[in-house]
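The values are calculated or read from the model by the stated rules, or taken from the named source; none is laboratory data. What you see is a predicted model, and the numbers here were worked out from it, not measured in a lab. Note: ideal-geometry Cβ built from the backbone for every residue, glycine included; neighbour counts use all protein chains shown.
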Amino acid sequence: MSDFRALDGNQAVAEAMRQINPDVVAAYPITPQTEAVQVFSQFVADGEVDTEFVTVESEHSAMSACVGAGAAGARVMTCTSSAGLALMWEITYIAASMRLPMVMMVANRALSGPINIHCDHADSMGTRDNGWIQIYSENPQEAYDNMIQAVRIAEHADVTLPVMVMQDGFITSHSVERVEVFDDAAVSGFVGPYAANFQLLGASRPLTFGALDFYDYYFEHKRQQVEAFSHATEAVLEVAADFNCRFGRDYGLFQAYRLDDAEVAVVVLSSTAGTAKVVVDDLRAQGIRAGLLKPRVFRPFPAAEIVRALSHVKAIAVMDRSTSFGSMMGAGPLFLETAAAFHVLGRAPQIPMVGYVFGLGGRDISPPDLEGVYHDLLAVADSGDVGDPVRYLGVRG
């Protein structure tokens, strides 16, 4: 059984956390994430969960407390955003290198400076190489669903890595939508109990966490993390298949929308994909064969799967709500990863690809903006001339 509620993205995440009932949550408030842990803290105060809620003096301390609890064998969750994630930077590496399967929601927000509290993906993209699995959500429903699946993915025996679940700050985190909330018992049954494979407090098998690791073993430990990621794609799909079967969903590594017969396609993450679907439908009504690919999983990057899904189109636009300073013409990470995948897997000469940077600091992206991208792609497909390979959409001057 399930019921439908009017929830914003933060409330939906808090509801998922309540149903998961983690052992420990350590968090520090930061806009636009604060509401998620504020609502969850009320569940703690009301006795609706058994969670030990740790209030700390900073996000660095929050992640440190999560690492300690995870090493002790606890199921751990937290939430953050923007500068909070940046302050956790050092400890996110530690969580991943210790193979601690915690889950963290990130409400995507721009990083300073200048100071900005609105959405772009600079925060999570800045941590894309920290060793965490990354899952992006289009709307509050997906944020809720992804939080539940993230626990199983993180704790999968072949993975044991931390997972970030992203949603767009304010656009999703504070927008109220219709969310299907599953029965508590059904969620609890899906997630299951947690028994850590290795823990600091295991008296029968004493372990050391965070020891000094010089060149004699450090390289091998990093290689083990790479190996864990090689199993993560299969784990994501395995967990999604079970979730889909139990709850009537259709999750995978990405969503392909009207892509099978598309001539031109846009690749874009999170809430912008919802706007793009409306544009695709409008263009289809005009006889234009437009399609969309919305990545759900960015780490591990599903290179081969994305290439296969797009191999038939005539032109591709990859849109980033972040930029990578000093990269090729400031191209964004999603474009760079997608372009590299096509090049390495042998499709680059056949399919022209254009990168768009958009929406930095929360700047709106409108249907006419996206329609313009599709018309640009039609021109590229006709001429074969990419022109500027990296473009800035909606910037003045």
- Considering only residues of region 20-55 that are crowded, with 23+ Cβ neighbours inside 10 Å and not aliphatic (A, V, I, L, M), which is farthest from Y144 (Cα to Cα)? Y28
- Give the number of residues within region 117-135 that are within 26 Å of E238 (Cβ to Cβ), part of a loop (DSSP other than H, G, I, E, B) and in contact (Cβ under 8 Å) with a residue 24 or more places away in the chain. 5
- Somewhere in region 176-183, is a residue surrounded by 20 or more Cβ atoms within 10 Å (Cβ to Cβ), in contact with a strand residue (DSSP E or B) (Cβ under 9 Å, 6 or more places away or on another chain) and assigned to a helix (DSSP H, G or I)? no
- Task: Only residues that are over 30 Å from E227 (Cβ atoms) and out of contact with any helix residue (DSSP H, G or I) (no Cβ under 7 Å at 6 or more places or on another chain): list them for region 148-169, please.
- Result: G169
- Query: Where in region 1-94 are the strands (runs of 3 or more DSSP E), entirely inside, with at least 2 residues that are farther than 30 Å from A211 by Cβ?
  - Reply: 2-7
- What pairs come up if the first residue lies in region 225-253 and is farther than 22 Å from V179 by Cβ and of a type outside the set (A, V, I, L, M), the second is modelled with pLDDT of 95 or more and not in a helix (DSSP H, G or I), and their beta carbons are under 6 Å apart, counting only those six or more places apart or on different chains? Q225/G131; F229/P300; H231/D158; H231/V159; T233/P300
- Note on the structure: Among residues of region 94-107 being of a type in the set (V, I, T) and under 19 Å from the mean Cα position of the chain (by Cα), the residue surrounded by the most Cβ atoms within 10 Å (Cβ to Cβ) is V103
- Task: Examine region 116-125 for a residue that is touching an Asp or Glu at 6+ places or on another chain (Cβ under 6 Å) and at pLDDT 95 or above, and state whether such a residue exists.
- Result: yes
- Identify, from the list E142, E138, the residue that is part of a loop (DSSP other than H, G, I, E, B) and under 13 Å from the mean Cα position of the chain (by Cα). E138
- Item | Unmet criterion (only one of (1) of a type outside the set (A, V, I, L, M); (2) within 19 Å of the chain's Cα centre (by Cα); (3) not in a helix (DSSP H, G or I)) for P114 | (2)
- Message: With the structure loaded, tell me whether S64 is at pLDDT 95 or above and within 16 Å of M98 (Cβ to Cβ) or whether it fails that test.
- Response: yes
- Select from region 310-327 the residues that are touching a Leu at 6+ places or on another chain (Cβ under 9 Å), closer than 20 Å to D123 by Cα and of a type in the set (A, V, I, L, M, F, W, C) and list them in ascending order. V318, M319
- Could you say which residue among A196, A235, A203 is more than 19 Å from the chain's Cα centre (by Cα) and surrounded by 11 or more Cβ atoms within 10 Å (Cβ to Cβ)? A196
- Query: Which condition breaks for S322 when tested against (1) under 28 Å from A96 (Cα atoms); (2) at pLDDT below 95?
  - Reply: (2)
- Message: Conditions first: (1) buried (at least 24 other Cβ atoms within 10 Å of the Cβ); (2) in contact with a His (Cβ under 6 Å, 6 or more places away or on another chain). D158 passes all but one, so which condition is the exception?
- Response: (1)
- Item | Condition check for M164: among the aliphatic types (A, V, I, L, M), over 23 Å from T275 (Cα atoms) and touching a residue at least 60 places away in the same chain (Cβ under 8 Å) | yes
- Note on the structure: Within region 346-374, the residues that are surrounded by 14 or more Cβ atoms within 10 Å (Cβ to Cβ), among the small types (G, A, S) and under 20 Å from S137 (Cα atoms) are G359, G361, G362
- A careful count of residues in region 108-145 that are hydrophobic (A, V, I, L, M, F, W, C), crowded, with 22+ Cβ neighbours inside 10 Å and out of contact with any His (no Cβ under 9 Å at 6 or more places or on another chain) gives 7
- Task: Determine whether A315 is over 22 Å from the mean Cα position of the chain (by Cα), small (G, A, S) and more than 30 Å from H174 (Cβ to Cβ).
- Result: yes
- Task: Scan region 375-397 residue by residue and report those that are surrounded by 15 or more Cβ atoms within 10 Å (Cβ to Cβ) and within 26 Å of G169 (Cα to Cα).
- Result: V390, R391, Y392, L393, G394
